[in-house]
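The values are calculated or read from the model by the stated rules, or taken from the named source; none is laboratory data. As the structure is a computational prediction, the values presented were derived from the model and not from experiment. For neighbour counting, all protein chains shown are included, and Cβ atoms are generated from backbone atoms with ideal geometry for every residue, glycine included.
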């Protein structure tokens, strides 16, 4: 199972605001469905890679619940392209949508070694769209302290998140800790 993560204030991003202003909640819902399709087509952790989905207008209409899909979705897709959310290529009765916005990448994923629970809490808020009440809770902080003591890096955590999502195990710290343990064990075995 693939996934996409978006910021908690996604609806406030200027490009998404344009969609909301022009198409209201129907547009936001269609954008969410489109992002799900693109995320499903995305390669995990591929830097600078576009996720791409192509379909006929009829197929797009079924997926995005749009009557008269060529007219309705044509306008919608063009608006998304103008806002910079997608790249649109129309050939005959087929529309291909590409977007870098949903490929699960971590720009600048240099190995960061956090030294405080606050840093891990901020990471969970930023990267996982975790509500602050959870990201900074004592239950989460006990895992952060363990990760600090064992020198867990952000790329290792990103790999644990990727594995947790693939296993449909959830992305709370307890589940991530289990995947981190396996990742660390694999590294040690690989170094022998």
Check your understanding: What tally of residues in the range 17-40 results from selecting those that are more than 15 Å from residue 77 (Cβ to Cβ) and buried (at least 19 other Cβ atoms within 10 Å of the Cβ)?
Key -> 1
Check your understanding: Any residue in the range 139-147 that is within 23 Å of residue 35 (Cβ to Cβ), touching a helix residue (DSSP H, G or I) at 6+ places or on another chain (Cβ under 7 Å) and at pLDDT 90 or above?
Key -> no
Practice item. Return only the number of the condition from (1) farther than 29 Å from residue 168 by Cβ; (2) modelled with pLDDT of 90 or more; (3) in contact with a helix residue (DSSP H, G or I) (Cβ under 6 Å, 6 or more places away or on another chain) that residue 93 does not satisfy. Key: (2)
**Study point:** Any pair with Cβ under 8 angstrom, 6 or more apart, that starts in the range 157-182 at a residue that is on the phi > 0 side of the Ramachandran plot and ends at one that is part of a loop (DSSP other than H, G, I, E, B)
**Key:** 168/1
Check your understanding: For residues in the range 63-81 being in a helix (DSSP H, G or I), at pLDDT below 90 and out of contact with any strand residue (DSSP E or B) (no Cβ under 9 Å at 6 or more places or on another chain), which is farthest from residue 38 (Cα to Cα)?
Key -> 71
